[in-house]
């Protein structure tokens with residue numbers, strides 16, 4: 001396709017998308033929460049995204065140049081992936097249910113290693129751990145192991161062989177917990193009258209049946 005064939009005049013009502021930003025996005029992958037109305041809007045927008053004159057490869061004086069056939073084919077593949085995510089795969093988008101906050105991981109007193117765990121993720125839900133706060137008071141150091149109990153080969157979230165008293169905040173998590181998973185806390189050499197707690201924060205999603 002020649003440049004002359006790719007030329008389009010600027011129209012006030014036409015919203016242009018830079019093809020380079022689609023082919024080489026400036027944003028990382030993200031998890032977003034969509035309402036039903038937002039989902040309907042996106043589903044209809046995908047029809048607009050299939051038009052070649054929606055995209056601009058070069059801006060010229062009085063006109064712009066659409067992407068060439070190869071770039072447009074690559075864009076159409078990306079649009080098809082979006083359509084599949086929005087309409088084709090019911091497990092891709094889970095419905096946002098509510099915030100999730102679990103303050104139950106409180107470690108009791110004791111000299112040997114002791115354990116505590118969160119409630120298991122119930123059937124029909126997926127929990128996403130976004131950040132957690134570890135609180136340790138007692139004046140002495142102790143070992144701490146925080147992990148996800150998945151029934152074997154448990155992923156480790158945090159480990160410290162000698163943790164001093166204090167408050168430790170870890171943000172930027174994106175750990176997904178499926179049905180039955182728990183967050184477990186193991187504390188070693190915790191003296192009497194001392195305690196250790198983990199507060200977990202995130203959101204819960206409803207998994208389609």
Share of Cα-Cα pairs in the range 3-88 beyond 16 Å, in percent? 58 percent
Relative contact order %, the range 144-209, counting alpha carbon pairs below 8 Å whose residues are six or more apart: 36 percent
Measure off 7 Å from each Cα along the Cα-to-Cβ vector at residue 61 and residue 156, then give the distance between these two points in nanometres to one decimal. 6.5 nm
Hey, what does the equivalent ellipsoid look like for the range 95-206, semi-axes from the Cα gyration tensor as sqrt of 5 times each eigenvalue, largest first, whole Å? 26, 14, 11
To test your reading of the geometry: what angle, between 0 and 90 degrees and rounded to tens, separates the Cα axis of helix 69-83 from the longest principal axis of the chain? 40 degrees
What is the spin-label model distance, in nm, from residue 5 to residue 167 if the labels are put 7 Å beyond Cα along the C-beta direction? 6.5 nm
What is the calculated FRET efficiency for residue 42 to residue 201, with r their C-beta to C-beta distance and R₀ = 30 Å, to the nearest 0.05? 0.60
Percentage relative contact order, the chain, counting C-alpha pairs under 8 Å, at least six apart: 26 percent
With the 8 Å Cα cutoff and a minimum separation of six or more residues, the range 3-88 has a relative contact order in percent of 43 percent
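I want the antiparallel fraction of DSSP beta bridges within the chain, as a percent rounded to 5.
If we restrict to bridges inside the chain, about 95 percent are antiparallel.
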Counting C-alpha atoms alone, how compact is the chain: give Rg to one decimal and Dmax as a whole number, in angstrom. 25.2, 81
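Based on the mean of other Cβ atoms within 10 Å per residue, sort peptides 124-137, 156-169 so the most packed one is first.
124-137, 156-169
No lab work stands behind these numbers, since they all come straight from the coordinates. Small disclaimer: the values here were computed from a predicted structure and weren't measured. Every residue, glycine among them, receives a Cβ derived from its backbone with ideal geometry; neighbour counts consider all protein chains shown.
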